[in-house]
2 protein chains.
Amino acid sequence: MSENTDPTLTDQWLAQLQTSGYRLTQPLRVIVDILVNSPRALGPVELYDLGRKEYPRLGLVTVYRTLDKLEELGLVQRVHQIGGCHMYLRATQGHEHLLLCTRCGQVCYFKGDDLSALFNATAEASGFVIQEHWLQLYGLCANCQS
Amino acid sequence: MSENTDPTLTDQWLAQLQTSGYRLTQPLRVIVDILVNSPRALGPVELYDLGRKEYPRLGLVTVYRTLDKLEELGLVQRVHQIGGCHMYLRATQGHEHLLLCTRCGQVCYFKGDDLSALFNATAEASGFVIQEHWLQLYGLCANCQS
DNA sequence: GCCTATAATGAAACAGATTTTCATTTTCAA
DNA sequence: TTGAAAATGAAAATCTGTTTCATTATAGGC
């Protein structure tokens, strides 16, 4: 169901999994393929339903376990959306942030400004030591504006 | 258990609830009082436990329903933290953002810069119409740094 | 290419959080 | 004070996510 538009990235992920000591199994390949090619964040159950079209014996437990592996390696990240808190997506890199369509869920990766000036000022004013930040934008994608 | 340090805000919330057509019941008053005075985000079960100290007959279902009402009116907002995705907090206003202590959960509200330049650039580049944004900082509060 | 140790899988049981249902209680306007 | 309607709380039902364990599949050694 998911067209493999980017075999290279799929192969990269599989290579990294193998290097990290994981075995490349059929269920793993199916899940990786779907995630690499998904234009939007997917929840475990969605991923399970999509995966079973390719590999009917797939179990939901395997989906959870595979997501854990991929998250541990930094290949996917969890996204918190209004419609669900356990949605997974190809991970952002460096200063990339997410822009999500509130209607169809489509995800756009954008390079954010350097916000360190804001963070430093806030740290000083509050007495906190800042460890990490989280910036996400929500809106309507070009298709969903009509 | 929660000292009423700001009766005015509690009264404001209750007034807004009444104006919106909701009845002011004992369970509602207890829950509002706890939320207004909490220094950190609370989950439904925590709120339930705290609430029962003041009003032992309180039911968990009522906590859920009350949180829905308060969220609908924009008085509280859901916060997504590592330790839980269904935590509720007094809502931010205007350009306020959240700074959360990853150890004790203490919340600090800070006025963020105006990020509209970033948003406009992103909107233009992506074709999205941006509806809302989400900026949260995580760190250690002054007390938890030792 | 075949064997084998062991990692990975999937079914079922389990645990928790959230929602629904419905009889009873409480609020508030007349 | 009274009664219609909203709100409540107990119990049952749902939905997610986790644990357990017997079976299957992978990858390295031969």
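The values are calculated or read from the model by the stated rules, or taken from the named source; none is laboratory data. No experiment lies behind these values; they were computed from the predicted model shown. For neighbour counting, all protein chains shown are included, and Cβ atoms are generated from backbone atoms with ideal geometry for every residue, glycine included.
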Conditions (1) touching a Gly at 6+ places or on another chain (Cβ under 7 Å); (2) surrounded by 13 or more Cβ atoms within 10 Å (Cβ to Cβ); (3) in a strand (DSSP E or B); (4) not hydroxyl-bearing (Ser, Thr, Tyr); number of the one not met by A:LEU98:
(1)
What residue, among those in region A:102-146 that are more than 7 Å from chain B (Cβ to nearest Cβ) and assigned to a strand (DSSP E or B), is farthest from A:ILE82 (Cα to Cα)?
A:LYS111
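The rows are residues; the columns are (1) loosely packed, with under 14 Cβ neighbours inside 10 Å; (2) touching a Lys or Arg at 6+ places or on another chain (Cβ under 6 Å); (3) more than 30 Å from A:CYS144 (Cα to Cα); (4) among the hydroxyl-bearing types (Ser, Thr, Tyr).
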site	(1), (2), (3), (4)
B:GLY83	yes, no, yes, no
B:GLN93	yes, no, no, no
B:VAL107	no, yes, yes, no
B:HIS133	no, no, no, no
Run down B:GLY112, B:GLY84 and say which single residue is at pLDDT below 95, under 30 Å from A:SER116 (Cβ atoms), within 11 Å of DNA strand C (Cβ to nearest atom) and among the small types (Gly, Ala, Ser).
B:GLY84
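One residue is enough: does region B:87-104 have a residue meeting the conditions within 16 Å of DNA strand C (Cβ to nearest atom) and in contact with a helix residue (DSSP H, G or I) (Cβ under 7 Å, 6 or more places away or on another chain)?
Taking region B:87-104 and keeping what is within 16 Å of DNA strand C (Cβ to nearest atom), we get B:87-89.
From the residues that got through so far, the ones that are in contact with a helix residue (DSSP H, G or I) (Cβ under 7 Å, 6 or more places away or on another chain) too are B:88.
The answer is yes; a qualifying residue exists.
Filter region A:29-77 for residues that are in a helix (DSSP H, G or I) and among the aromatic types (Phe, Trp, Tyr); which is nearest to DNA strand D (Cβ to nearest atom)? Can you show your working first?
Looking only at region A:29-77, we keep the residues that are in a helix (DSSP H, G or I), and these are A:29-37, A:44-54, A:60-72.
If we keep only those that are among the aromatic types (Phe, Trp, Tyr) too, we end up with A:48, A:64.
Details: A:TYR48: 9, A:TYR64: 5 Å.
For region A:29-77, the residue satisfying everything is A:TYR64.
Does A:LEU75 satisfy the criteria of being in contact (Cβ under 8 Å) with a residue 60 or more places away in the chain and within 17 Å of the chain's Cα centre (by Cα)?
So A:LEU75 fits the description; yes.
Does B:ASP68 satisfy being touching a helix residue (DSSP H, G or I) at 6+ places or on another chain (Cβ under 8 Å) and free of Cβ contacts under 8 Å to residues at least 24 places away in the same chain? Working first, answer last.
On the way: touching a helix residue (DSSP H, G or I) at 6+ places or on another chain (Cβ under 8 Å): no; free of Cβ contacts under 8 Å to residues at least 24 places away in the same chain: yes.
When the stated conditions are applied, B:ASP68 does not pass them.
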Just checking, which of A:ASP33, A:ASP49, A:ASP11, A:ASP68 is away from DNA strand C (no atom under 15 Å from the Cβ) and away from chain B (no Cβ under 14 Å)?
A:ASP11
Considering every residue within region A:1-11, establish whether at least one is buried (at least 18 other Cβ atoms within 10 Å of the Cβ), of a type outside the set (Ser, Thr, Tyr) and not assigned by TED's automatic domain parsing to the domain that holds A:LEU140.
no
Of the numbered conditions (1) within 14 Å of another protein chain (Cβ to nearest Cβ); (2) within 12 Å of DNA strand D (Cβ to nearest atom); (3) more than 11 Å from the chain's Cα centre (by Cα), A:HIS97 satisfies every one except a single condition; which is it?
(2)
